[in-house]
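First the structure, which I've put down as structure tokens, then a few questions once you've had a look.
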Amino acid sequence: MKITVTCNAVEAQTTSALVLLFAPHTSPEKVAAFNLSQPTSYLSKVTTLVQRGDFHGKARELRWLYLEGAPAQRLLVAGIGRDKDDENFDGAFLQRVIANAVAASRKLGINELCVPLAGPMLDQFGGTNAARLVAEAVLLANYRFAQYKTPTEKNNTVLQTLTLLLENCKPEAAVKSGAHIGRVLGTWTCRARDLQNTPPNALSPIRFAELAQEYAHAAKLSCEVWDEHKIREQGMGALLGVAQGSLQPPRFVILESAAHQATQPTLVLVGKGVTFDSGGLAIKPLESMLDMKYDMSGAAVVLSAMCALAELESPLHLVGLLPLVENMPSGTAQRPGDVVRACNGKTIEVADTDAEGRLLLAESLAYASRFQPEAVIDIATLTGAMFYVLGDAAAGLFANDASLAARIKNAAQHTGERVWELPLYPEFSQQLESEIADIRNVASKRGAGASKGAAFLASFVAGYKWAHLDIAAMASSTKPTALAPKGGTGWGVRLLVELCLNWSETKTL
Ligand code: BES
Ligand code: ZN
Ligand code: ZN
């Protein structure tokens with residue numbers, strides 16, 4: 001999509017649709033727009049609507065207005081009133097309003113939108129943030145995964161142009177930089193969604209690694225891809241154990257930013273990359289297996305966040321680790337009861353072949369220590385238990401360090417991607433004791449599945465600050481929202497980028 005910043009008087013701007021935001025009126029004579037700095041003749045049209053009682057400015061209220069002889073072919077009047085008194089008009093709220101405007105425009109087959117950035121909106125959010133929020137929302141709401149659909153008139157209406165309109169060319173630099181950040185975040189979140197939505201027969205570990213190389217190259221990140229031989233050489237027996245049931249060989253991808261390790265803090269991001277999780281010999285019922293193409297969401301999010309950070313010129317030394325496998329049942333598949341050895345020498349009893357994600361993450365967390373990282377954050381569709389713990393209201397956050405957890409919560413608040421911290425009690429790790437190996441991959445007792453998964457990971461963390469995000473219930477959705485259709489959500493790209501961009505500023509949290 002083309003995103004442009006234009007300086008012009010609102011009433012002189014030629015456009016297919018001009019979006020004006022309105023709060024509910026207290027008195028019909030005093031209608032004021034949230035994104036205009038002064039009354040214009042457009043405003044008097046809205047005043048008429050309000051006076052006739054046809055528009056109240058409630059959230060989700062949208063009206064089209066058609067203007068004789070004006071350069072704007074239509075006005076899209078959008079309400080920004082709060083539903084409840086405790087609802088804030090924050091960034092997430094603004095993005096939902098903009099996303100609803102995108103949906104309404106697409107319905108009419110309009111392919112260009114113009115959003116003035118002025119007045120109270122600029123005062124509240126500032127130029128950079130206002131532009132970032134609007135650009136990001138338009139890209140996210142405009143997203144569709146249509147690669148496997150034969151194009152028809154009906155399904156190919158997409159917005160092609162977003163114009164951010166400044167009345168006096170102020171603050172041009174801030175708005176341009178915000179539009180850039182919003183474009184990068186929106187684009188890479190959508191790219192993560194594309195990877196997530198791609199069917200599992202088209203996205204094998206090999207194909208994923210090829211795409212990682214392509215994206216990394218374009219974003220000027222270094223990218224090393226290990227094949228199964230190199231993985232064996234490195235002693236990653238737990239990763240190979242998961243992969244051995246599949247005809248698709250595994251890959252281990254290492255992404256690295258150019259920054260100098262000696263002068264910049266190192267952060268390692270790890271993403272679970274199971275391109276399809278059948279459960280292995282502990283095979284899943286069809287109903288649970290259907291969504292298992294999304295089991296590579298962590299890897300998609302880490303790849304996208306790394307590329308976005310490179311494009312936004314993050315100064316940090318960033319490392320991304322993507323263990324990529326397919327978990328299949330076959331005559332060569334690993335058995336419940338097998339013992340495998342991870343690259344740090346630790347042995348694992350595979351008590352359940354469906355608890356495969358933690359085996360990949362264990363290898364990656366053990367390997368991460370060689371970068372002497374200031375912190376390691378992993379993100380994974382790790383446990384179905386998350387559907388019971390938090391549902392799709394928030395991702396589970398686990399951390400061995402309160403300051404790292406606080407940074408993540410802070411970043412989550414900014415991007416509207418909610419996290420909720422869950423405990424890592426000692427009894428969770430006690431239940432992972434094995435009779436025959438150093439650890440079991442599932443507990444002997446039922447319950448607290450998400451925490452026990454996290455406790456397993458914790459035992460592979462070696463002397464660095466670590467946080468784990470369980471996104472099993474966030475990675476894909478079965479209901480469309482304003483900012484995302486059904487399917488892969490790209491959840492976490494914006495969160496990881498926000499966290500890394502603010503790393504140096506929020507050091508003393
Ligand atoms: N990929 C699944 C977790 C999952 C389930 C993600 C549903 C998204 C939706 C993971 O590999 C898994 O199967 N976990 C098991 C662990 C259990 C065997 C301890 C689970 O959650 O049932
Ligand atoms: Zn599984
Ligand atoms: Zn899995």
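The values are calculated or read from the model by the stated rules, or taken from the named source; none is laboratory data. These figures come from a predicted structure and were not determined experimentally. For neighbour counting, all protein chains shown are included, and Cβ atoms are generated from backbone atoms with ideal geometry for every residue, glycine included.
List the number of the failed condition for residue 383; all other conditions in (1) within 13 Å of ligand 2 (Cβ to nearest atom); (2) over 20 Å from residue 492 (Cα atoms); (3) among the β-branched types (Val, Ile, Thr) hold.
(2)
Within the bounds of segment 456-467, is there any residue that is more than 19 Å from residue 346 (Cα to Cα) and small (Gly, Ala, Ser)?
yes
Pick from segment 475-505 the residues that are touching a helix residue (DSSP H, G or I) at 6+ places or on another chain (Cβ under 6 Å) and part of a loop (DSSP other than H, G, I, E, B): which of them is nearest to residue 315 (Cα to Cα)?
If we take residues in segment 475-505 being touching a helix residue (DSSP H, G or I) at 6+ places or on another chain (Cβ under 6 Å) and part of a loop (DSSP other than H, G, I, E, B), then 492 is nearest to residue 315 (Cα to Cα).
Here's a follow-up. So, restricting to strands (runs of 3 or more DSSP E) that lie completely within segment 353-460, which ones have at least 3 residues that are more than 16 Å from ligand 3 (Cβ to nearest atom) and either out of contact with any strand residue (DSSP E or B) (no Cβ under 8 Å at 6 or more places or on another chain) or without any contact (Cβ under 8 Å) to a residue 40 or more places away in the chain (or both)?
Per the criteria, no element qualifies.
Based on what the data block shows, is residue 50 touching a helix residue (DSSP H, G or I) at 6+ places or on another chain (Cβ under 8 Å) and within 24 Å of residue 178 (Cβ to Cβ)?
No.
Taking segment 106-116 as the region of interest, how many residues are out of contact with any Ser or Thr (no Cβ under 8 Å at 6 or more places or on another chain) and buried (at least 17 other Cβ atoms within 10 Å of the Cβ)?
Looking only at that region, the number is 1.
From 230, 220, which residue is surrounded by fewer than 20 Cβ atoms within 10 Å (Cβ to Cβ), farther than 22 Å from residue 259 by Cβ and at pLDDT 95 or above?
None of the others qualify; the one that does is 230.
Among the residues of segment 1-21, how many are in a strand (DSSP E or B) and of a type in the set (A, V, I, L, M, F, W, C)?
Here the count works out to 7.
Quick check on segment 311-346: of everything there that is touching a helix residue (DSSP H, G or I) at 6+ places or on another chain (Cβ under 8 Å) and of a type in the set (Gly, Ala, Ser), which residue is nearest to ligand 3 (Cβ to nearest atom)?
342
Residue by residue, here is whether (1) in contact with a His (Cβ under 7 Å, 6 or more places away or on another chain); (2) within 13 Å of ligand 1 (Cβ to nearest atom); (3) charged (D, E, K, R) holds:
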site	(1), (2), (3)
290	no, yes, no
304	no, no, no
325	no, yes, no
339	no, no, no
346	no, no, yes
357	no, yes, no
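Just give me the residues in segment 236-252 being part of a loop (DSSP other than H, G, I, E, B), crowded, with 24+ Cβ neighbours inside 10 Å and of a type in the set (A, V, I, L, M), in sequence order.
Result: 236, single match.
Anything in segment 293-332 that is within 16 Å of ligand 2 (Cβ to nearest atom) and outside any helix (DSSP H, G or I)? List them, or say none.
323, 324, 325, 326, 327, 328, 329, 330
Taking the criterion of being within 23 Å of residue 226 (Cβ to Cβ), of a type in the set (A, V, I, L, M) and within 16 Å of ligand 1 (Cβ to nearest atom), would at least one residue in segment 307-319 satisfy it?
The answer is no; no qualifying residue exists.
Also, quick follow-up: Could you tell me which residue of segment 253-282 is farthest from ligand 1 (Cβ to nearest atom), considering only residues that are surrounded by fewer than 24 Cβ atoms within 10 Å (Cβ to Cβ) and small (Gly, Ala, Ser)?
That would be 262.
Say whether the condition of being among the hydrophobic types (A, V, I, L, M, F, W, C), within 26 Å of residue 135 (Cβ to Cβ), buried (at least 19 other Cβ atoms within 10 Å of the Cβ) and touching a Pro at 6+ places or on another chain (Cβ under 9 Å) is met by at least one residue in segment 63-83.
Yes - at least one qualifying residue is present in segment 63-83.
Continuing with this model, one more query. If I ask for residues that are more than 10 Å from ligand 3 (Cβ to nearest atom), of a type outside the set (A, V, I, L, M, F, W, C) and assigned to a loop (DSSP other than H, G, I, E, B), which ones from segment 281-292 would you list?
285, 291
If I filter segment 253-261 for residues that are acidic (Asp, Glu) and in a helix (DSSP H, G or I), do I get at least one hit?
No, that holds for no residue.
Okay, moving on. Do we have any residue at all in segment 268-280 that's within 16 Å of ligand 3 (Cβ to nearest atom), of a type in the set (Lys, Arg) and either in a loop (DSSP other than H, G, I, E, B) or more than 30 Å from residue 136 (Cα to Cα) (or both)?
Checked segment 268-280: at least one residue is within 16 Å of ligand 3 (Cβ to nearest atom), of a type in the set (Lys, Arg) and either in a loop (DSSP other than H, G, I, E, B) or more than 30 Å from residue 136 (Cα to Cα) (or both).
Take residue 295 and tell me if it is more than 30 Å from residue 502 (Cα to Cα), within 13 Å of ligand 1 (Cβ to nearest atom), in contact with a strand residue (DSSP E or B) (Cβ under 8 Å, 6 or more places away or on another chain) and modelled with pLDDT of 95 or more.
When the stated conditions are applied, residue 295 does not pass them.
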